[in-house]
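Novice: Structure below; questions to follow.
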Amino acid sequence: MKSKGLYGDFFLHFDILVMGLILIFLGAAVLIMNPSWLNLGFFCAGLIVFIFSEYLTHRFLFHLKPPKNRLFLHFLKRLHYDHHKYPNDLKLLFLPVWYSLPNFVVLAAIFYLFTANVISTAAFGMGLILMLLTYEWKHYVAHRPIKPLFGFGKWMKKTHQLHHFKNENYWYGVSNPIGDVLFGTLKDEKKVEMSQTAKDLEGKGGL
């Protein structure tokens, strides 16, 4: 993949542009139709839901033991296995829109079933996508020669590198450590042994 520059590689990436445009469209709809405190709450709910979705999908889907089904294996290789093998390969850094968009639609549809309100669902969807883009940026920074400005960002970059280069069974959080704290996968790096499969998720044995 031809580089567009350190920042252009992120902001001009197709998957980022698509999700960013959807965020702008949803934001415009909410601001024009019903910019209420209630919808601000639904927006925050979207942020929270994505935070947990990020952790759960990373830990329990992306790190599944290799399936015997060829199509499912190919799916996991593109989403995550190959990223562990080639962690700095630009074309493997981003979640493809064919994965992100259906997940967004499913979560938004579930929310709509409870509210039956299109604009409130749009506000919820804004939270989902904004947190997705935050995740993508944090992940991008973790693998590129970009120095975070603040201590928290530097720490998150370090923990993600530990996930890749020390032990893939810990430090699943990319944008935040909330899931790791709640579910016990945030560890002192000195107490974690070096994994032999951190760069080879396919080598963990099939299901």
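Novice: Within the range 58-80, which residues are in a helix (DSSP H, G or I), closer than 24 Å to V181 by Cα and either aliphatic (A, V, I, L, M) or touching a residue at least 24 places away in the same chain (Cβ under 8 Å) (or both)? Walk me through how you get there before you give the answer.
Specialist: Our first condition is that a residue be in a helix (DSSP H, G or I); within the range 58-80, this holds for 58-60, 70-80.
Narrowing the set further to residues that are closer than 24 Å to V181 by Cα leaves 58-60, 80.
The answer is H58, R59, H80.
Novice: How many residues are open to solvent by 60 Å² or more (accessible area, probe 1.4 Å) and in a loop (DSSP other than H, G, I, E, B) when one looks only at the range 81-95? Let's see the steps before the verdict.
Specialist: If we filter the range 81-95 for residues that are open to solvent by 60 Å² or more (accessible area, probe 1.4 Å), which is where we start, we get 85-86, 88, 91.
Still in the running and in a loop (DSSP other than H, G, I, E, B): 86, 88.
Count: 2.
Quick grid of which residues meet (1) surrounded by 14 or more Cβ atoms within 10 Å (Cβ to Cβ); (2) among the charged types (D, E, K, R); (3) out of contact with any helix residue (DSSP H, G or I) (no Cβ under 7 Å at 6 or more places or on another chain):
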residue: F104; (1), (2), (3): yes, no, no
residue: K154; (1), (2), (3): no, yes, yes
residue: K166; (1), (2), (3): yes, yes, no
residue: K199; (1), (2), (3): yes, yes, no
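Novice: Please identify the pairs in which a residue from the range 186-207 that is part of a loop (DSSP other than H, G, I, E, B) has its Cβ atom under 9 Å from the Cβ atom of a residue that is among the β-branched types (V, I, T) and at pLDDT 95 or above, counting only partners at least 6 apart or on another chain.
Specialist: Pairs found: L186/T159.
Novice: Inside the range 152-166, can you point out the residues that are out of contact with any Phe, Trp or Tyr (no Cβ under 6 Å at 6 or more places or on another chain) and either within 19 Å of L61 (Cβ to Cβ) or of a type in the set (D, E, K, R) (or both)? I'd like the intermediate steps shown before the answer.
Specialist: Going through the range 152-166, the residues out of contact with any Phe, Trp or Tyr (no Cβ under 6 Å at 6 or more places or on another chain) turn out to be 152-158, 160-161, 164-166.
The answer is K154, K157, K158, H160, H164, K166.
Novice: May I pose another question? Against the condition more than 22 Å from L92 (Cβ to Cβ) and not hydrophobic (A, V, I, L, M, F, W, C), how does K166 come out, does it pass?
Specialist: Numbers: more than 22 Å from L92 (Cβ to Cβ): no; not hydrophobic (A, V, I, L, M, F, W, C): yes.
So K166 fails the test.
Okay, residues lined up against (1) out of contact with any helix residue (DSSP H, G or I) (no Cβ under 7 Å at 6 or more places or on another chain); (2) open to solvent by 50 Å² or more (accessible area, probe 1.4 Å):
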| residue | (1), (2) |
| --- | --- |
| I22 | no, no |
| L26 | no, no |
| L31 | yes, yes |
| S36 | yes, no |
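Novice: For the list (1) in contact with a helix residue (DSSP H, G or I) (Cβ under 7 Å, 6 or more places away or on another chain); (2) free of Cβ contacts under 8 Å to residues at least 12 places away in the same chain, I need the number of the one condition that D89 fails.
Specialist: With respect to (1) in contact with a helix residue (DSSP H, G or I) (Cβ under 7 Å, 6 or more places away or on another chain); (2) free of Cβ contacts under 8 Å to residues at least 12 places away in the same chain, D89 is out only on (1).
Novice: Right, next: Within the range 170-197, track down each residue that is open to solvent by less than 60 Å² (accessible area, probe 1.4 Å) and either within 18 Å of Y86 (Cα to Cα) or touching a Gly at 6+ places or on another chain (Cβ under 7 Å) (or both).
Specialist: Answer for the range 170-197, where residues must be open to solvent by less than 60 Å² (accessible area, probe 1.4 Å) and either within 18 Å of Y86 (Cα to Cα) or touching a Gly at 6+ places or on another chain (Cβ under 7 Å) (or both): Y172, G173, V174, G179, D180, S195, T197.
Novice: Filter the range 1-41 down to the residues that are farther than 22 Å from Y86 by Cβ and of a type in the set (S, T, N, Q) and list them by number. Reasoning before the result, please.
Specialist: Our first condition is that a residue be farther than 22 Å from Y86 by Cβ; within the range 1-41, this holds for 11, 17-41.
Selection gives N34, S36, N39.
Novice: Please verify whether F25 is part of a helix (DSSP H, G or I), closer than 27 Å to T185 by Cβ and without any contact (Cβ under 8 Å) to a residue 40 or more places away in the chain, treating the condition exactly as stated. Break it down stepwise before answering.
Specialist: Numbers: part of a helix (DSSP H, G or I): yes; closer than 27 Å to T185 by Cβ: no; without any contact (Cβ under 8 Å) to a residue 40 or more places away in the chain: yes.
When the stated conditions are applied, F25 does not pass them.
The values are calculated or read from the model by the stated rules, or taken from the named source; none is laboratory data. Note that the structure is predicted; figures quoted are calculated from it, not measured. With ideal geometry, Cβ positions are generated from the backbone for all residues, glycine too; neighbour counts draw on all protein chains shown. These accessible areas exclude ligands, DNA and RNA; they are computed on the full protein's heavy atoms, side chains included. Shrake-Rupley method; radii C 1.70, N 1.55, O 1.52, S 1.80 Å.
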